[in-house]
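Have a look at the structure below before the remarks.
The values are calculated or read from the model by the stated rules, or taken from the named source; none is laboratory data. Keep in mind the model is a prediction, meaning the values are calculated, not measured. As a convention, Cβ positions derive from the backbone with ideal geometry for all residues, glycine included, and neighbour counts pool all protein chains shown.
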Amino acid sequence: MHNQERYNLFALTHSRLFPLPIRSHHILYQRFMEELAGRGHEVHVVTHFPQKHPPPNYYDIDIGGSLPKSVGQLSIKSPYDRGFLGKIKYVFRTCGAEICEYLFRNLAIIDLKNSTMNFDLVISEVYGTDCLLGFAHKFQAPIIGISAVDLLPWAAERMGNPDNPSYIPNYFAATNEKMGIYEKFFGLATLFLSKIGYFFLSIAPSENKIKEFFGNQTAALETIVSNTSLILVNSHLSLNIPRPMVPNIVEIGGLHIDPPKILSQDLDKLVRTSQDGVIYFSLGTVVDLTSFEAPLLQTIMNVLGRLPQTIIWSGNISNNVTVPKNIHIHSWLDQLALLCDPNTKAFITLGGLMSLQEAAYCAVPILGIPIFPNHKRNIDKYVKSGAGLLLEYDDVNEATLKEALDDLIANLDYKRNAVKLSLIFKERPMGALDTAVYWAEYVVKFGGAQHLRCGAADLGWFEYYFVDCLIIMMGILGLGLLLGGLAIYFLQDSDVWNYIFKRGPQKREEGPEPETDKDK
């Protein structure tokens, strides 16, 4: 679907899942930007990962080095050490307001602010901070948000999207859609705390920084954010919980997936000569595998080493671990190409959404070992489709790991269900990339597409939840009770009271009759 008009687009795709640039998420955004450029739009991209040979119409604004290095830097224990409130603080402060300080000191960002460039659209990642949306105010351009994870509570709020915690899990919780009373209570608490935390730990501290950087004439950040025209969410009903979506929230799950390439010559030879098939092990690009406790890592190695399959392991490991002969370690490989190879029997994964999308696309059964709450929720959905198993990190030992892998390989139902899941994932009226491009062009064509905006986005929380109506109703009820009480107090001994309750008028007490002359 090609648009005859050509637009000048600006993308803040600087990947802030942590206060680190995340390469896997950058790939998602880059694929989108490249497609827009390929359709004739001029695209300027703020990024930590500039391309050596960008395609025509594609211009990188290099902010590399402004944030710490990301790949493989997160300890396996860090999600457990912070606790729930610590995670909220980490996302909104360390991944939020503190990032603004780094970026506002970057020379490329300063030069952009001082330039006379203009853009038709601003595309920005939605996560822990929106401080760079000051550029949307500077350019007077509509905003499209894009999220590499499922719909976040503070993102849903700005669009007026329903976010009922009785069946919609919170990003910080590991619960799924079927909750008991405890999970519902916890979901309600996390929803409240995440929205409050986003405002007080991210929006409010960023306000002064934005005014200092862009000038006092800049609109309030909350106002800029609330004018978001559209949000593209990296989710799909096959792998995420089905939920209500207002018209300007669009699912584009699997945006980064292209038809798989051919395996490299060495890897292809290894896969072809594996008579019992291949098991692929990868915990993504964020977790540092050397942070695993050595005994646990050796346990995993021992179990995998006794399997008849060839194990292809992605990521570096500690030097003090003995590697069995059937385990082949690669620092990097084409994950999609390997997963889609028919000789790949299973995928051991952390449960990142993009990895599960690739597994679903390739119809591969998974063994999920989640670390983060959202990873557990992702894996739960895959498991409920019958295409995989979940093994908690704290439950990993030789017995549980071997049992899970034996079941996953021997039981062909997992593969059959994975094929069914793949068909559901792929069956769409329009591909994910075409969908994203269509809506980006749509928003610019119709000047921000305000006709898509739900009226709930313009309501305060007290209006949205009928607090104002409840206050008025309680006031009327209270006034009625007060007036009723006063009426009872003043009328209870009157003829009116007796008449109402059918007692008839009260007879007056008669005294002795006065004496007459006759009596005398």
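Might you let me know whether region 425-433 holds any residue that is under 21 Å from L367 (Cβ atoms), touching a residue at least 12 places away in the same chain (Cβ under 8 Å) and surrounded by 12 or more Cβ atoms within 10 Å (Cβ to Cβ)? Scanning region 425-433 turns up at least one residue that is under 21 Å from L367 (Cβ atoms), touching a residue at least 12 places away in the same chain (Cβ under 8 Å) and surrounded by 12 or more Cβ atoms within 10 Å (Cβ to Cβ). Out of Y80, Y90, one residue alone is over 21 Å from P205 (Cβ atoms) and at pLDDT below 85. It is Y80.
The combined condition, being of a type in the set (D, E) and modelled with pLDDT of 85 or more, is fulfilled by E35. Scan region 399-406 and tell me whether some residue there is touching a residue at least 40 places away in the same chain (Cβ under 8 Å), within 19 Å of K345 (Cβ to Cβ) and buried (at least 19 other Cβ atoms within 10 Å of the Cβ). Yes, some residue in region 399-406 is touching a residue at least 40 places away in the same chain (Cβ under 8 Å), within 19 Å of K345 (Cβ to Cβ) and buried (at least 19 other Cβ atoms within 10 Å of the Cβ).
Among all positions in region 376-394, there is no residue which is assigned by TED's automatic domain parsing to the domain that holds L28 and of a type in the set (S, T, N, Q).
Annotation: G134 fulfils all but one of (1) under 30 Å from R243 (Cα atoms); (2) in a helix (DSSP H, G or I); the unmet one is (1). Kindly establish whether T94 is under 25 Å from L36 (Cα atoms) and not aliphatic (A, V, I, L, M). Taking the combined requirement at face value, the residue does not satisfy it. Screening region 292-403 for strands (runs of 3 or more DSSP E) wholly inside it with 3 or more residues that are more than 25 Å from D276 (Cα to Cα) returns no ranges.
Of the residues making up region 341-386, those that are basic (K, R), farther than 17 Å from D413 by Cβ and in contact with a strand residue (DSSP E or B) (Cβ under 9 Å, 6 or more places away or on another chain) number 1. Within region 305-329, being under 17 Å from L350 (Cβ atoms) and touching a residue at least 40 places away in the same chain (Cβ under 8 Å) holds for I312, G315, N316. Every condition in (1) within 18 Å of I210 (Cα to Cα); (2) polar (S, T, N, Q); (3) surrounded by 18 or more Cβ atoms within 10 Å (Cβ to Cβ) holds for S194 except the one numbered (1).
When E42, E101 are screened for being modelled with pLDDT of 85 or more and surrounded by fewer than 20 Cβ atoms within 10 Å (Cβ to Cβ), only E42 passes. Checked against the criterion of being in contact with a Gly (Cβ under 6 Å, 6 or more places away or on another chain), in a helix (DSSP H, G or I) and at pLDDT below 90, region 273-287 has no qualifying residue. Does G64 satisfy the condition of being part of a loop (DSSP other than H, G, I, E, B), small (G, A, S) and modelled with pLDDT of 70 or more? When the stated conditions are applied, G64 passes them. The set of residues in region 273-285 that are of a type in the set (S, T, N, Q) and touching a residue at least 40 places away in the same chain (Cβ under 8 Å) comprises S274, S282, T285.
Does any residue of region 440-456 turn out to be acidic (D, E) and either in a loop (DSSP other than H, G, I, E, B) or free of Cβ contacts under 8 Å to residues at least 12 places away in the same chain (or both)? There is no residue in region 440-456 that is acidic (D, E) and either in a loop (DSSP other than H, G, I, E, B) or free of Cβ contacts under 8 Å to residues at least 12 places away in the same chain (or both). Listed conditions (1) surrounded by 19 or more Cβ atoms within 10 Å (Cβ to Cβ); (2) of a type outside the set (S, T, Y); (3) outside the structural domain of D395 (by TED's automatic domain parsing) are all met by F292, apart from (3). The number of residues in region 354-379 being farther than 25 Å from Y90 by Cα, in contact with a Ser or Thr (Cβ under 9 Å, 6 or more places away or on another chain) and charged (D, E, K, R) comes to 0.
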